[in-house]
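Data block below; observations after.
Each value in this text was obtained by applying a stated rule to the coordinates, not by laboratory testing. Computed from a prediction, not measured in an experiment: that's the story for all the values here. Every residue, glycine as well, gets a Cβ built from its backbone with ideal geometry; the counts of neighbours run over all protein chains shown.
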Amino acid sequence: MISLFFVEISSFLWYPSYIGSYDTYDSLFRKDREIFMRNIKLTIEYDGSRYQGWSRLGKNESNNTISNKIQEVLRKMTGEFLIELSCGCRTEVGVHAYAQVVNFKTESDIETQEIKHYLNRYLPMDIAITDVEEVPERFHAQLNAVSQTYVYRMTIADVPSVFDRRHTFHCFKVPDKKAMQQAAMLLIGTHDFKNFSASKSSKSTVREILDIDIYGDEEEMQILICADNFLHNMARMIIGTLLDIGFGSRRKEEIEEIFEGASASSAPCDPKGLYLQEVRY
């Protein structure tokens with residue numbers, strides 16, 4: 001009786017030495033448990049209109065993010081509190097996605113098709129899981145990505161559609177596509193894009209734009225940008241600058257001036273027309 005009481009007291013005294021936190025306790029054994037954890041890849045489509053981007057940029061930012069909505073449902077489904085989502089591309093406030101890629105690790109043995117059905121049942125209607133698959137342990141949605149592609153949708157018809165106004169940017173003046181294409185050629189390749197971004201990171205701001213394509217018809221024009229990676233606001237600032245060149249308020253030669261720091265880039269484009277189209281691996 002005395003020995004049993006001693007064991008219970010000892011256990012009680014031992015636990016506070018680990019700060020008494022579930023997160024701390026869990027992290028101590030996470031590495032050992034990861035041997036038995038499955039790696040799940042999600043392909044996600046979402047309307048970013050009412051969200052503060054994919055995830056919070058700082059501690060004081062809103063929790064109303066797409067990643068937070070998905071994490072909440074995954075926690076209920078798996079019963080696991082520590083669900084970490086890695087994404088192929090961190091979209092910004094108001095930006096949409098046709099095919100965001102995410103992975104997370106879990107001890108759950110729920111079948112991939114059941115995961116898909118559960119998420120689509122309980123997630124908000126503006127977030128949809130289009131595919132779920134189990135992938136090798138070393139797959140990482142962010143670190144393994146080799147390119148990211150954004151597409152910007154602009155309506156150029158005389159009268160903007162009331163049904164498209166939340167998801168496209170309307171141009172009241174038709175931009176000069178040829179001038180924009182000529183300016184786009186100056187952006188393709190490897191450059192330091194610090195002046196085309198709002199990034200405050202001390203890390204390298206050198207990126208490679210693999211392709212820029214500008215196309216359309218009588219009702220809609222689109223700008224497609226593919227890069228190895230994007231800095232914060234980089235896609236939106238490039239598109240904003242190209243649009244100003246298309247509207248005639250800037251010269252295409254100013255692209256080089258922006259790279260050199262002699263001129264500032266244009267303001268970021270309206271996010272409602274911007275979509276993450278693809279992440280390649």
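A few comments on the model shown:
- Within the shell defined by Cβ-Cβ distances under 11 Å, the residues around C226 carry a net charge of -4, with Lys and Arg each +1 and Asp and Glu each -1.
- Considering only alpha-carbon pairs that sit under 8 angstrom and 6 or more positions apart, the relative contact order computed for segment 37-135 is 46 percent.
- Relative to the Cα centre, the charge distribution of segment 185-281, modelled as +1 at Lys and Arg Cβ and -1 at Asp and Glu Cβ, gives a dipole magnitude of about 580 debye.
- Spatially proximal lysines relative to K177 (Cα-Cα < 20 Å; intrachain offsets below 8 disregarded): K252
- The residue among N68, T130, C87 whose Cα reaches farthest toward the positive pole of the charge dipole of segment 37-135, with charges on the beta-carbon of Lys, Arg, Asp and Glu, is N68.
- Residues whose amide H comes within less than 5 Å of that of Y51, counting only those at least five positions distant or on another chain, are G94 (H built at 1.01 Å from N in the peptide plane).
- About the centre of its Cα atoms, the chain shows a dipole size close to 600 debye [charges on the beta carbon of Lys, Arg (+1) and Asp, Glu (-1) only; nearest 20 debye].
- Residues R153, R251 arranged by fewest to most Cβ contacts within 10 Å: R251, R153
- Burial ranking of peptide ranges 187-194, 134-141 (average Cβ count within 10 Å, highest at the top): 187-194, 134-141
- Calculated Rg and Dmax of segment 37-135 using C-alpha coordinates, Å: 12.7, 36
- Rg/Rh for the chain (Cα atoms only, Rh after Kirkwood) is 1.09.
- Estimated translational diffusion coefficient (Stokes-Einstein, Kirkwood radius over Cα pairs, 37 °C, 0.692 mPa s) of segment 79-120: 265 µm² per second.
- T190 sits among other residues whose Cβ lies under 12 Å from its own Cβ, and their net charge, with Lys and Arg +1 and Asp and Glu -1, is -2.
- Simple spin-label estimate for E256 and K177 in nanometres, 7 Å along Cα-Cβ: 2.7 nm
- C-alpha long axis of helix 22-33 to longest principal axis of the chain, angle in °: 90 degrees
- Percent of C-alpha pairs per 5 Å bin, segment 147-280, short to long: 2, 11, 21, 25, 21, 12, 6, 2, 0
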